[in-house]
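Remarks on the structure that follows.
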Amino acid sequence: MTIARNDQVYFKSLSLTNVRSFGETQRLDMTDEDGRPAQWTLILGDNGVGKTTLLQCLASMRPIPAVPDEDKDKDKDKEKEVASASKPASVVPALLQRENTELAALARVGEENVQLHADLVAGQPFRSKTTKAKQIVFKENIRVKNGELKDIEHSSVEMKNAREPLVIGYGAARHMHFRGAEVFKPNPDPTASLFDPSVELVDARDILEQLDYAAVKRQPRARALLSCIKEALAKLLPSLEKASAIKLYGPTPPGSDNRKTGVQVVTPYGEVPFEALSLGYQTMTAWTVDLAWRLTQHYPDATDVLQMPAVVLIDELDLHLHPCWQREVRDIISDAFPRIQFIATAHSPLLAQSYLDLNLVVVRQEDGQAIIERDSNVVRTWRIDEVVTSALYEIDSVYSPKIGRELRERTELLQKRRLTPANKRRLDELNKLADKLVPSIDTDDHRALDVIRRAASLLDETKK
């Protein structure tokens, strides 16, 4: 099978053993209820539990064309180059391009055998049944000793005229390049910002201005792409009513005081320069334009690159987004990029609530290691307070920590069989607090607890 540039290549699962915080084998499932690639997978979990590690492993297991032996670096002392030897018409995981020190750093402390397995599929669109899809299975076994790479047992998949599918990663520190003295050169590794927070995305202003200039020169493809990007930004950025709110006045002349230059955005407060927008707007614009630019580079002949397939990995999708924005961002992104598979991490329960009907997984710490749970107990109709207090977040109260402690104290007092005079006075105080929270506190629950307390008291009296 040939992987053409417009073939969908999507992830279906990732299994990892002894990788950093992950000990025993864990599996990240990225399929829908019918076993097909899911367009969205949202990964929740506490800080430091391993969410970013999962994205980095996915980036490392993306397919790349195998390098023929004769084209390799002549330095035969590099073990990873020896390990990556394969047939010309095949694909291997990008993991084999990483430095030996990076591979050794994957190992969980005290472990020597690291395993990474990835299942991908080529030629299967979302929500489509097909018998022509090509399965891509990589099984990488890495042996590490005393912090150094010793050996790699790797796999490859034969594919005629294999081409690298587009997989892009955006780290939590994503930020775009701003004009400066040095010429900006985009990192050739589209997933680099997941590993290095200093990596910059393309300069959104520069890209928009270049496209505007090309459109003026009557280049149809540039005009169409500029229109698509502006339409996407108008959907993604709150308060932008339409694409025409993004104004392009040409490059800013050095030393010019004219505000009507460069990229201007019409806001409810007037027309302002792009660089004056909030960090949330700039962050969203940065990766959106970067994505459109990389799609353009990967699909040079496409008439509408925003309709082309890819895989996008985003760390902390909710970064700098207002709650109202978080609730809508999934649908907006899906509409702008309908054939892209998104695998993202997040902390926000508001974002999680928007994914209750999709592929939602949780990474949590248990017995000194990270485990992956694909929670099948979520309910699509949950209110936000039910999401927060569910197993997704394990927060024990929807109230502030202080009120939460007082309500738990009240429950404990109601369950006591005997109350001292001090207990009774304290319970009266806490009942007044609970009454102020009505109807948040269910009246029936309140009465039930009182019944329990009275029954316990009567039972205690009968034992005397």
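Taken over segment 261-312, the criterion of being open to solvent by 40 Å² or more (accessible area, probe 1.4 Å) and either on the phi > 0 side of the Ramachandran plot or of a type in the set (A, V, I, L, M) (or both) is satisfied by VAL266, ALA276, LEU279.
Could you tell me whether any residue of segment 128-150 is in contact (Cβ under 8 Å) with a residue 12 or more places away in the chain, within 20 Å of ILE340 (Cα to Cα) and among the hydrophobic types (A, V, I, L, M, F, W, C)? Looking for residues that are in contact (Cβ under 8 Å) with a residue 12 or more places away in the chain, within 20 Å of ILE340 (Cα to Cα) and among the hydrophobic types (A, V, I, L, M, F, W, C), one finds at least one in segment 128-150, hence yes.
Restricting attention to segment 316-347, which residues are open to solvent by 10 Å² or more (accessible area, probe 1.4 Å) and assigned to a loop (DSSP other than H, G, I, E, B)? Of everything in segment 316-347, those that are open to solvent by 10 Å² or more (accessible area, probe 1.4 Å) and assigned to a loop (DSSP other than H, G, I, E, B) turn out to be GLU316, ASP318, LEU319, HIS320, LEU321, HIS322, PRO338, ARG339, HIS347. Collect the residues in segment 133-179 that are among the charged types (D, E, K, R), surrounded by 21 or more Cβ atoms within 10 Å (Cβ to Cβ) and not in a loop (DSSP other than H, G, I, E, B), keeping them in residue-number order. Matches in segment 133-179: GLU140 only.
Counting residues in segment 195-202 that are over 15 Å from THR283 (Cα atoms) and of a type outside the set (A, V, I, L, M, F, W, C) gives one or more. Taking segment 5-94 as the region of interest, none of the strands (runs of 3 or more DSSP E) fully inside it holds 2 or more residues being modelled with pLDDT under 75 and open to solvent by 50 Å² or more (accessible area, probe 1.4 Å). Against the definition (assigned to a strand (DSSP E or B) and either touching a Phe, Trp or Tyr at 6+ places or on another chain (Cβ under 7 Å) or of a type in the set (A, V, I, L, M) (or both)), how does VAL363 come out, yes or no? For VAL363, the condition - assigned to a strand (DSSP E or B) and either touching a Phe, Trp or Tyr at 6+ places or on another chain (Cβ under 7 Å) or of a type in the set (A, V, I, L, M) (or both) - is met. Taking first residues from segment 231-246 that are part of a loop (DSSP other than H, G, I, E, B) and partners that are open to solvent by 60 Å² or more (accessible area, probe 1.4 Å), the Cβ contacts under 8 Å between residues at least 6 apart in sequence or on separate chains come to PRO238/HIS322; PRO238/CYS324; SER239/PRO268.
A quick yes/no check of all residues on (1) over 15 Å from LEU96 (Cβ atoms); (2) out of contact with any strand residue (DSSP E or B) (no Cβ under 7 Å at 6 or more places or on another chain):
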| residue | (1), (2) |
| --- | --- |
| SER128 | yes, yes |
| THR131 | yes, yes |
| GLU140 | no, no |
| GLU158 | yes, no |
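Tallying residues that are without any contact (Cβ under 8 Å) to a residue 60 or more places away in the chain and in contact with a Leu (Cβ under 6 Å, 6 or more places away or on another chain) within segment 289-334 yields 5. Being within 12 Å of the chain's Cα centre (by Cα) and aliphatic (A, V, I, L, M) is the filter here, so list the residues in segment 313-351 that pass it. Correct list: LEU313, ILE314, LEU317, LEU319, ILE343, ALA344, ALA346, LEU351. Scanning segment 220-233 for residues that are in contact with a Cys (Cβ under 8 Å, 6 or more places away or on another chain), open to solvent by less than 70 Å² (accessible area, probe 1.4 Å), modelled with pLDDT of 85 or more and under 24 Å from PHE126 (Cβ atoms) turns up nothing.
For segment 289-315, a residue qualifies if it is in a helix (DSSP H, G or I) and either touching a helix residue (DSSP H, G or I) at 6+ places or on another chain (Cβ under 7 Å) or under 19 Å from LEU58 (Cα atoms) (or both), and the qualifying residues are VAL289, LEU291, ALA292, TRP293, ARG294, LEU295, THR296, VAL305, LEU306.
The values are calculated or read from the model by the stated rules, or taken from the named source; none is laboratory data. Note that the structure is a prediction, hence the values are computed from the model and not measured. In this analysis, Cβ positions are derived from the backbone assuming ideal geometry, glycine residues included, and neighbour counts consider all displayed protein chains. We work out accessible area using only protein heavy atoms, side chains counted, and drop any ligands, DNA or RNA first. Shrake-Rupley method; radii C 1.70, N 1.55, O 1.52, S 1.80 Å.
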